[in-house]
């Protein structure tokens, strides 16, 4: 089975990580100087991105909210919480 790498998706993920994590920005006061600090920030970002950040791909349209689109986080989708 041949696998095709989607470089645009990889670059988009890298950009998202760099935008949310100040330690990975080169022209920043908090540029990561130690591997442990960068790893701790990456762990925090992964938890935030995968549980707390609303994703448009799982947003829902609620009838009780006049048909408006409601932002949904992955944690809400998993019924871990009911609010952002």
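Scan region 72-84 for residues that are at pLDDT below 80 and either assigned by TED's automatic domain parsing to the domain that holds residue 13 or outside any loop (DSSP other than H, G, I, E, B) (or both) and the total you get is 0.
Quick grid of which residues meet (1) at pLDDT 85 or above; (2) exposed (fewer than 11 other Cβ atoms within 10 Å of the Cβ); (3) in contact with a strand residue (DSSP E or B) (Cβ under 8 Å, 6 or more places away or on another chain):
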| position | (1), (2), (3) |
| --- | --- |
| 4 | no, yes, no |
| 23 | no, no, no |
| 27 | no, yes, no |
| 39 | yes, no, no |
| 43 | yes, yes, no |
| 46 | yes, no, no |
| 64 | no, yes, no |
| 67 | no, yes, yes |
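Filtered by the rule that a residue be at pLDDT 85 or above and part of a loop (DSSP other than H, G, I, E, B), region 6-21 gives a lone residue, 6.
The values are calculated or read from the model by the stated rules, or taken from the named source; none is laboratory data. Predicted, not measured: the structure shown is a model, and the values here were computed from it. Heads up, the Cβs are rebuilt from the backbone with ideal geometry, glycines too, and the neighbour counts pull from every protein chain shown.
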